[in-house]
Amino acid sequence: MLNVNEMYDQKLVSPAEAVKVIKSGDLIYTPSEGNEPCILWEALADRKEELENVVVRQFLTRRKHRYVEPSFAPHIFIESLFVTDAIRNLVHDGYASYVPSNFSDIPRMIRQTNHVDVLMLSATPIDEYGYMCYGLGCDYTLAAIEVAKKIIVEVNPNMPWTGGYNKIHVSQVDLIVESNAELYELQPPQVTELDEKIGSYIVDLIDEGSTLQIGIGGIPAAVCKFLEHKKDLGIHTELISDYLVGLLESGAVNGSKKTIHKGKVVCTIVEGTKRFFKYINNHPSIELLPVDYTNDQHIIAQNRKMVSINATIEVDIFGQCCSESIGTKIWGGSGGQSDFARGVTKCPDGKGFIVMKSTAKGGTISKIVPRLTPGAIVTTGMNYVDHVVTEYGVAELRYKSMRGRALALINIAHPDFRDELRFEAKKMNVI
């Protein structure tokens, strides 16, 4: 019987050899950005002319790999689970497509369709027991491991080892390649004075001992900066990034008041800088769990004083949020916004915040509108929107009438657009 090191050596091949298992018509899954296999993508791109109708599904494709361009579409077609800058134009031009889904539902999609021809991912070198850690995300990878016909792992010593359900044993893997590729770095956002103003409204409404879900962007980053003076905060979120360092080192986050996973920072994906990846390596508090657990609204609701903070593109006067499209043009994805909005409403002392600047395009258009742009996708329905926050204040919507919602939202719109919003609301017999 082979030991784990012998098993590893037996499965070790070149990238070119590994991608030979991929055939025309195959469906490939790969994890979110942090655990993607860079040299395997390069090797697959070399086979462009040999392949037709290969489909790649991934959440958060941030790098512009060679296959991320129009000429590859007949050969390697991207079906993205979340649209990023790297592939947005491909989607708009029909050279890639978006798969609508709440982030929490992706593992179920994989299990119910029972179709993953090849799973390709990046992970740490094996430990003494033969395990490798896909350290920057748990997401839907566990479901894909269960279903995949073939699994190829790109072993990368730059990958951090993190806690949670994000390990794969060498015996589960079909082929292994070795790499020293740089991990993708997402730099912290530039926080503006406007971000800080919006963030300051939210911080006053967050109680000590709360458990937080924090999105990405300038406003959530500003909130985190202001939270460092709070006590006994916990984290149960979709994504962690560099913002966490200040919260942990200041002692603001210790997880001592959490109802579940006490003392742990719970998430499903990690993005950030090399400094952050080094910080979380073997960190005893970090726990990565599958997205169908972290984003399950019933699990979210078990957290004490649960708070969610997420950004949006556009809100209508009823409180409907479009966070993934501009009209008919897909701009991002559902992600976990709706998951956490629903979870917070089920939590007896939960609070949800949808955050945004009041205008866009240099102040020429209002982001609070009478009606969503035609074709806009409702990411979070009005029944699950609790607070909306702009630089002009906080609109509390929960349990308010349509009239009450409209008036509250008009009050936090940019002053230049309030009269127009009132006029439209009256025309619609809302106020």
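Taking segment 320-343 on its own, how many of its residues are hydrophobic (A, V, I, L, M, F, W, C) and in contact (Cβ under 8 Å) with a residue 60 or more places away in the chain?
Residues in segment 320-343 being hydrophobic (A, V, I, L, M, F, W, C) and in contact (Cβ under 8 Å) with a residue 60 or more places away in the chain: 4 in total.
Look at V173 and say whether it is outside the structural domain of F226 (by TED's automatic domain parsing) and β-branched (V, I, T).
yes
Would you say E33 is at pLDDT below 95, closer than 25 Å to M132 by Cα and among the acidic types (D, E)?
When the stated conditions are applied, E33 passes them.
On the given criteria, is L205 buried (at least 16 other Cβ atoms within 10 Å of the Cβ) and on the phi < 0 side of the Ramachandran plot?
Answer is no for this residue.
Among the residues that make up segment 217-226, is at least one of them in a helix (DSSP H, G or I) and more than 22 Å from F340 (Cβ to Cβ)?
Within segment 217-226 (the criterion being in a helix (DSSP H, G or I) and more than 22 Å from F340 (Cβ to Cβ)), the answer is no, since none of the residues qualifies.
Please give the number of the condition W41 fails out of (1) at pLDDT below 95; (2) part of a helix (DSSP H, G or I).
The failed condition is (1).
How many residues does segment 103-145 hold that are touching a Pro at 6+ places or on another chain (Cβ under 9 Å) and of a type in the set (D, E)?
Matching residues across segment 103-145 total 1.
Limited to segment 304-338, what total is found for residues that are within 24 Å of G263 (Cα to Cα), among the charged types (D, E, K, R) and at pLDDT 95 or above?
The total comes to 1.
Name the residue, out of D105, D139, that is under 18 Å from the mean Cα position of the chain (by Cα) and at positive phi.
Every option except D139 fails the conditions.
Show the residue pairs meeting these rules: Cβ distance below 6 Å; 6+ apart or different chains; first residue within segment 206-225 and closer than 10 Å to Y243 by Cα and touching a residue at least 60 places away in the same chain (Cβ under 8 Å); second residue among the β-branched types (V, I, T) and part of a loop (DSSP other than H, G, I, E, B).
Here the result reads I214/T237, each pair linking segment 206-225 to a residue that is among the β-branched types (V, I, T) and part of a loop (DSSP other than H, G, I, E, B).
State all residues of segment 341-364 that are on the phi < 0 side of the Ramachandran plot and surrounded by fewer than 14 Cβ atoms within 10 Å (Cβ to Cβ); if no residue qualifies, say none.
Passing the criteria: P348, D349, T364.
How many residues are part of a loop (DSSP other than H, G, I, E, B), closer than 17 Å to I206 by Cα and either touching a helix residue (DSSP H, G or I) at 6+ places or on another chain (Cβ under 9 Å) or not assigned by TED's automatic domain parsing to the domain that holds D416 (or both) if we restrict to segment 341-385?
Of the residues in segment 341-385, 3 are part of a loop (DSSP other than H, G, I, E, B), closer than 17 Å to I206 by Cα and either touching a helix residue (DSSP H, G or I) at 6+ places or on another chain (Cβ under 9 Å) or not assigned by TED's automatic domain parsing to the domain that holds D416 (or both).
Return only the number of the condition from (1) at pLDDT below 95; (2) in a loop (DSSP other than H, G, I, E, B); (3) in the same structural domain as H261 (by TED's automatic domain parsing) that D207 does not satisfy.
The failed condition is (1).
Checking A86 against (1) in contact (Cβ under 8 Å) with a residue 24 or more places away in the chain; (2) surrounded by 17 or more Cβ atoms within 10 Å (Cβ to Cβ); (3) part of a helix (DSSP H, G or I), which single condition isn't satisfied?
With respect to (1) in contact (Cβ under 8 Å) with a residue 24 or more places away in the chain; (2) surrounded by 17 or more Cβ atoms within 10 Å (Cβ to Cβ); (3) part of a helix (DSSP H, G or I), A86 is out only on (3).
Are there any pairs, at least 6 apart or on different chains, whose C-beta atoms fall under 8 Å, with the first in segment 410-431 and without any contact (Cβ under 8 Å) to a residue 60 or more places away in the chain and the second of a type in the set (D, E, K, R) and surrounded by 11 or more Cβ atoms within 10 Å (Cβ to Cβ), and if so, which?
The qualifying pairs are N411/R418; I431/R403; I431/R422.
Among the residues of segment 163-177, which ones are surrounded by 16 or more Cβ atoms within 10 Å (Cβ to Cβ) and not in a helix (DSSP H, G or I)?
Hits for segment 163-177 are G163, G164, N166, K167, I168, V173, D174, L175, I176, V177.
In contact with a helix residue (DSSP H, G or I) (Cβ under 9 Å, 6 or more places away or on another chain), under 24 Å from N281 (Cβ atoms) and in the same structural domain as G272 (by TED's automatic domain parsing), is that true of L233?
yes
The values are calculated or read from the model by the stated rules, or taken from the named source; none is laboratory data. These numbers were taken from a predicted model, which means no experiment stands behind them. Note that we place each Cβ from the backbone using ideal geometry, even for glycine, and neighbour counts take in every protein chain shown.
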